[in-house]
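See below for the structure under consideration.
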Amino acid sequence: MGGLFEDVEDEIYREKRVLKEEYQPDEILERDSEVEEYKHALTDALFGRSPDNIFLFGKAGVGKTAVTNFVLSELQREALRRDTADEIHVTKVNCNNQSVYSAVRHLVNSLRPEGTASFPKKGPSTADAFEELYTQMERLGGTHLFVLDEIDHLSDPDPLLYEFPRARANGHINEAKVGLIGISNNYTFRNTLSAKVKSTLMEHEISFSTYDAGELKTILTDRAQRAFVDGTCVDSAISACAAFAAKDDGSARQAIDLLREAADAAQKAGSTTVTAEHVERVRKQVNRGQLRDKIDDQTMHAQLVLEAVARQQLADDESVRTKRVQKRYEPVADAWGHDHLTSLKSIQNHLDDLHMLGFLIRTDENKGQTGGRSYRWEVDMNLKTVIEAREEIEHDAQPPE
Ligand SMILES: Nc1ncnc2c1ncn2[C@@H]1O[C@H](COP(=O)(O)OP(=O)(O)OP(=O)(O)O)[C@@H](O)[C@H]1O
Ligand SMILES: [Mg+2]
């Protein structure tokens, strides 16, 4: 008997890793002017002058990290080639969940020689950590570029963003030179910085706009050529991913993820080509996941009210009046073992909230002679998807047996 995996062959992927997050493209497409600006800002480093500080901003997935990695590795390569250039050390830290102390500690540990004990997590002061960082920078000499990703997550960043770049001017270092590269996808962060930090960090500000469908198509076409066996990914699949991602967030990450998931779906279905239908199918799954998360974010009673509207609307095949929502709400809450809200007013409040949040459509029902107003409610999403999402949420919430 053959083994379980005996018949498995990869007819779709040539090199799947190029569609993975950790893959670093050696070519950056559609970002010529940003790359050029970046290059200009770093030129001093090649001539032994202190480099300018740089601040990059732009939404998630628009190439800030990819462009940074590309530009810095090109710079390091060129510095090695030139006898006159200083050595260039690039050190990265993600500032998410970090204090200035822990971020500096991370930099210290990256610069310390291999085999050295790591800098203590607690005990020394922030000033001590900076002191050790200066020691390590001097030991290595050359030019140090520190990449601070998600810089907006740092609380109280002044010592790192204002004093540190002045280390040379203030006599903390003599041999080594320092340049900071701050990255953020938070546009308001810029305005929360003090004026002195702003002018220090933003000697060069490079902003990354979101990608349009044409740009995404260029990026995806290039990836697809590397990732897939020739002829397996049809052009319309790439266009579908590009169009969808452009309409949504303009993120290359989203476009690439979508293409990879579509290819996986094709492979699972035993197809030897990846088509626009596969893209459409996985896109729906992604949407479903997002819808579920959105519902899950609501309070339990709001979820129950939404579910009641969805179930009643499905049964009646028409929009639902407030009173009827209340009537349906009770068995729904019972079915999942939740206590009821008792007043009509509280149901109305939830309906109003759900309407404001875009879950429900509200229509005004004029009662004519008797005067008074009442509303009819309708779920502004696929009814079955809403009900299934609610069932999933309840089932996941059950404690394991
Ligand atoms: N211009 C481009 N050319 C080639 N690949 C790109 C380009 N822009 C982005 N990518 C790819 O898209 C994905 C997301 O890009 P990247 O990680 O650089 O985004 P980011 O702006 O750093 O996002 P975040 O703010 O979430 O960190 C990566 O796989 C990256 O390789
Ligand atoms: Mg990034």
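Quick rundown of the values:
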read-out	value
Some residue of segment 362-375 being touching a helix residue (DSSP H, G or I) at 6+ places or on another chain (Cβ under 7 Å), modelled with pLDDT of 90 or more and part of a helix (DSSP H, G or I)	no
Neighbours by Cβ (under 8 Å, 6+ apart or cross-chain): first from segment 63-81, within 13 Å of residue 45 (Cα to Cα); second among the small types (Gly, Ala, Ser)	75/45; 78/85; 79/45; 79/85
Residue within segment 318-328 that is under 15 Å from residue 303 (Cβ atoms) and under 36 Å from the mean Cα position of the chain (by Cα) present	no
Pairs, first more than 14 Å from residue 51 (Cβ to Cβ) and of a type in the set (Ser, Thr, Tyr) in segment 168-186, second within 16 Å of ligand 1 (Cβ to nearest atom) and part of a loop (DSSP other than H, G, I, E, B), C-beta under 9 Å, six or more apart	184/150
Leading residue by the ranking (surrounded by the most Cβ atoms within 10 Å (Cβ to Cβ)) among those in segment 45-75 that are away from ligand 2 (no atom under 15 Å from the Cβ) and under 17 Å from residue 28 (Cα atoms)	75
Considering residues of segment 3-52 that are under 30 Å from residue 83 (Cβ atoms) and of a type in the set (Lys, Arg) only, the residue nearest to the chain's Cα centre (by Cα)	39
Any hit, segment 315-337, residues being outside the structural domain of residue 265 (by TED's automatic domain parsing) and within 30 Å of residue 260 (Cβ to Cβ)	no
Top-ranked residue in segment 247-282 [being farther than 19 Å from residue 229 by Cβ and small (Gly, Ala, Ser); ranked as farthest from ligand 1 (Cβ to nearest atom)]	250
Residues being at pLDDT below 95, within 12 Å of ligand 1 (Cβ to nearest atom) and of a type in the set (Gly, Ala, Ser) - total across segment 20-71	3
Some residue of segment 11-18 being part of a loop (DSSP other than H, G, I, E, B) and of a type in the set (A, V, I, L, M)	yes
Test: residue in segment 227-238 that is within 12 Å of ligand 1 (Cβ to nearest atom), modelled with pLDDT of 95 or more and polar (S, T, N, Q)	no
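The values are calculated or read from the model by the stated rules, or taken from the named source; none is laboratory data. These numbers were taken from a predicted model, which means no experiment stands behind them. All Cβ positions, glycine included, derive from the backbone under ideal geometry; neighbour counts span all protein chains shown.
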